[in-house]
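Working notes, structure below.
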Amino acid sequence: MKPIGKVLCATGLLVGFLAYYWQDPFDPESLVGARVLLTGASAGIGEQMAYHYARFGAELVLTARREAVLQKVMEKCLTLGAKKVFLIPADMSSPSEPERVVEFAVQKLGGLDYLVLNHIGANRFQMWAGDVEFTRWLMQVNFFSYVALATAALPTLEKSNGSLVVVSSLAGKIATPFTTSYSATKFALDGFFSSLRHELMMQKKNVSVTLCILGLIDTESAMESTRGKVHIPASPASEAALAIISGGATRVQQVFYPWKLKQVYYLWVLAPSNEVLQSYYNYSSP
Ligand SMILES: NC(=O)c1ccc[n+]([C@@H]2O[C@H](COP(=O)([O-])OP(=O)(O)OC[C@H]3O[C@@H](n4cnc5c(N)ncnc54)[C@H](OP(=O)(O)O)[C@@H]3O)[C@@H](O)[C@H]2O)c1
């Protein structure tokens, strides 16, 4: 073979190998008829996840506090192709709600394949001002309710070899300014659910745990709370939603979105610099 032929042949083999290696293992068909309980489904990333799941033909139970808004999301999900959609308004600051929501979902869908934990209480993107009570409340909404929802759903997820999908943030991996309480709730999620993943594996229980680490996403609430305070580009909520769903369906342990966030995180682990990190945040002392 001539040298040019050898080069073309090697290039072809390399392209073939890379295409095989990087092919997306996510098969949307796997979600047809999947039974999904989705929290924080009335707005932002949760709303976008509801629409993706609906297009993929999943059966859904949607929850958040605002019934009228959930009703609209439910109607759109039905037009997009969801097989079944139910809604249950619930406030996750109330410790009794998680169990009630899971019971409702299991009763309506006959079990669960996915529990997608996504809701958050309204965040204050500001310097710590000493509000301990707010932190306690946020811990209940962003952390304890996740633990209670997962605990109530585990028996049915074990039966279905199902999946727990937990939506977190880069602020749950790297402490960032203006996020004291929020960051604490997200670090707590990593600790709890990563430990739970080990225990499920050790007990040979086939329930996957996917932790989703997101950067800034262009939801209304995030854009409003960070306006003028950060120099960080926001990524689209619909893409973030798809990344979460795909990570859950392929049962990976961690999803980073946007994808470059993984490099950012490992760079921080290898060479942390407070100056560089703080340069992304606006602060002028009073
Ligand atoms: N957007 C970002 O930049 C970003 C970045 C990193 C990580 N994340 C993570 O992505 C997830 C979704 O964020 P998002 O920006 O889409 O949030 P969002 O737009 O503010 O939506 C929050 C959802 O939670 C519900 N919710 C609020 N308080 C609740 C309560 N007490 N009980 C039950 N539900 C409640 C809201 O509905 P109701 O008001 O109807 O209750 C809404 O459906 C969160 O876990 C967040 O930490 C977001």
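Worth pointing out:
- Gain in span if fully extended, residue 99 to residue 55, counting 0.36 nm per residue against the direct Cα distance: 13.0 nm
- Unit Cα scatterers, Debye sum, the chain: log10 I(q)/I(0) for q = 0.11, 0.13, 0.14, 0.15 Å⁻¹: -0.66, -0.89, -1.02, -1.15
- Among 188, 68, 241, the largest mean-square fluctuation in a Gaussian network model of the chain, built with springs joining Cα atoms closer than 10 Å, belongs to 68.
- The relative contact order of the chain comes to 17 percent, based on Cα pairs under 8 Å that sit 6 or more residues apart.
- With both labels modelled 7 Å from their Cα along Cα-to-Cβ, the residue 160 to residue 218 distance reads 3.3 nm.
- Maximal additional length on extending the residue 134-residue 253 stretch stands at 39.8 nm, based on 0.36 nm per residue less the C-alpha distance.
- Neighbourhood net charge (13 Å Cβ-Cβ; Lys/Arg +1, Asp/Glu -1) for residue 159: 0
- Each of the peptides 81-88, 233-240, 207-214 was scored by the mean count of other Cβ atoms within 10 Å over its residues; in descending order, highest first, they stand as 207-214, 81-88, 233-240.
- Each peptide in 118-127, 145-154 receives the mean, over its residues, of other Cβ atoms within 10 Å, and ordering these scores from highest gives 145-154, 118-127.
- Relative packing of peptides 256-265, 52-61, 25-34 - highest average C-beta neighbours within 10 Å first: 52-61, 256-265, 25-34
- Once the Cβ-Cβ distance of residue 65 and residue 202 is raised to the sixth power relative to R0 = 35 Å, the FRET efficiency obtained is 0.45.
- Local net charge near residue 30, Cβ-Cβ under 12 Å (Lys/Arg +1, Asp/Glu -1): -2
Readers should treat all values here as calculations from the given coordinates under stated rules, not as data from a laboratory. Given the structure is predicted, the values throughout are model-derived calculations rather than measurements. Quick reminder, even Gly has a Cβ in these numbers, built from the backbone with ideal geometry, and neighbours come from all protein chains shown.
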